[in-house]
Amino acid sequence: MSMETSDALNESMRGIRARKDRDANPDEPIRVWVDEDRSPEGRGKSLTIVFNTDGCRWARAGGCTMCGYVGESNKGAVDADSMLTQLDKALEHERDEGVECENVKMYTSGTFFDRREIPPEARHEILDTFSDRRVVVETLPDFVEDDVIQDAVERVRKLCIAVGLETADDHVRRECVNKYFEFDEFVRAANVAHDHGATVKAYLLMKPPFLTESEAIEDAVYSVRKSAEHADLVSVNPCNVQRYTLVDRLHYRDGYRPPWLWSVVEVLQRTQDAPAVVVSRPVGSGGDRGAHNCGECDDDVYDAVTAYSLTGDADVLERPDCGCKKKWRAVLERETAWRAPLG
Ligand code: SF4
Ligand SMILES: [Zn+2]
């Protein structure tokens, strides 16, 4: 993509995001929850913490077309004390749930290893708190450096770095997602992580804007296969419509439809033999702003996708059926123009 296109996208998104004026409380995590998921080490309970930080630097420049995280992050820097107060609140939530999860997944609205988002002393204390657990932290690949990863690996039982790769296709990542790094940069980060004994999780964005339904399926299948050569776990995230994003604006003008759940099923079916654990948990599924089918079958298909993600048993994907599959097939065949969803 030319710089002009990137500049135009960034400018457009800065404008959209400027409408967000609410600020979050820096002493409260944005979200905390307990659920279950599967990793190469097996199935287990997970504590997920979304920390409130001042967010992703790229998002401030304009950022990715689907990412509403900037709408959740703090306007100013969050200091180490506030970060640790957020940690205490997350632990309190876990205690209230009556569990001690073997997995802890930590997100910021950006990068866990960015010292501007999380001061190093807070990062160290957070990791030390989970010294006997398996810890997943999200990071952009450029923050994955030998010394930072070695330090983190020594503080926890098992470290996994999660990278929002979105797609293995550099053109789609640049032109549809407006994300700045290339696949090679992801491979470099994955190699650093593996060299230090950490594992790697790749997040893929299924159906970024400007792709048809069938293009989105092919992009996701290709991306799962290609990223699985470098990642231990691949998570296929169907795009959902978040506020303060370009996707939201397109959706509002009937220029974007989140993927069909049948498409998610197809991607999972076609990537069963990929050399990594492949999972998907469609956010906002069934609603107009998340992956959905006709409304009648959405819960069944979502349950099948979730069951597959927890067990890897492909039989569960065969079970759901519905009359709307016909319409979905017609969409795959006939939708040819960008930004012209048919159903
Ligand atoms: S997806 Fe990641 S890199 Fe892109 S704007 Fe959001 S937080 Fe930043
Ligand atoms: Zn249906």
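The values are calculated or read from the model by the stated rules, or taken from the named source; none is laboratory data. The shown structure was predicted, so the numbers you read here are calculated from the model rather than taken from an experiment. Please note: Cβ atoms are built from the backbone with ideal geometry, for glycine as well, and neighbour counts cover all protein chains shown. Just so you know, the surface numbers come from the protein's heavy atoms only, side chains and all, with ligands and any DNA or RNA stripped out. Shrake-Rupley method; radii C 1.70, N 1.55, O 1.52, S 1.80 Å.
Annotations
- Unmet criterion (only one of (1) assigned to a helix (DSSP H, G or I); (2) within 16 Å of ligand 1 (Cβ to nearest atom); (3) open to solvent by 20 Å² or more (accessible area, probe 1.4 Å)) for H124: (2)
- Failed condition for V32, given (1) open to solvent by less than 50 Å² (accessible area, probe 1.4 Å); (2) assigned to a loop (DSSP other than H, G, I, E, B): (2)
- The C-beta contact set for the stretch 95-122 (first residue more than 26 Å from D146 (Cβ to Cβ) and touching a residue at least 24 places away in the same chain (Cβ under 8 Å), second residue of a type in the set (K, R) and away from ligand 1 (no atom under 11 Å from the Cβ), distance under 8 angstrom, 6+ apart or interchain) comprises V99/K45; C101/K45; C101/R133; E102/K45; E102/R133; E102/R134.
- Criterion (more than 13 Å from ligand 1 (Cβ to nearest atom) and either among the hydroxyl-bearing types (S, T, Y) or under 24 Å from T53 (Cβ atoms) (or both)) met by exactly one of F130, F183: F130
- Answer residue from the stretch 47-85, given it is more than 26 Å from L9 (Cβ to Cβ) and crowded, with 21+ Cβ neighbours inside 10 Å and is farthest from ligand 1 (Cβ to nearest atom) among those: L47
- V283 modelled with pLDDT of 95 or more and surrounded by 13 or more Cβ atoms within 10 Å (Cβ to Cβ): no
- Residue in the stretch 293-307 that is surrounded by 20 or more Cβ atoms within 10 Å (Cβ to Cβ) and away from ligand 2 (no atom under 16 Å from the Cβ) present: no
- When we screen R249, R243 for residues that are among the charged types (D, E, K, R), part of a helix (DSSP H, G or I), open to solvent by 70 Å² or more (accessible area, probe 1.4 Å) and within 16 Å of ligand 1 (Cβ to nearest atom), the only hit is R249.
- Filtered by the rule that a residue be outside any helix (DSSP H, G or I) and either at pLDDT 95 or above or within 13 Å of ligand 2 (Cβ to nearest atom) (or both), the stretch 315-343 gives P320, D321, C322, G323, G343.
- Counted residues, the stretch 127-166 - those being under 25 Å from C64 (Cβ atoms) and assigned to a helix (DSSP H, G or I): 6
- Test for V247: is it over 15 Å from the mean Cα position of the chain (by Cα) and either over 21 Å from L317 (Cβ atoms) or free of Cβ contacts under 8 Å to residues at least 60 places away in the same chain (or both): yes
- Residue list for the stretch 131-147, filter: of a type outside the set (D, E, K, R) and crowded, with 20+ Cβ neighbours inside 10 Å: V135, V136, V137, T139, L140, P141, V144
- The stretch 90-111, subset open to solvent by less than 70 Å² (accessible area, probe 1.4 Å) and in a helix (DSSP H, G or I), residue nearest to T139 (Cα to Cα): A90
- From the options V148, V177, V163, V137, residue that is within 15 Å of ligand 1 (Cβ to nearest atom), among the β-branched types (V, I, T) and without any contact (Cβ under 8 Å) to a residue 40 or more places away in the chain: V137
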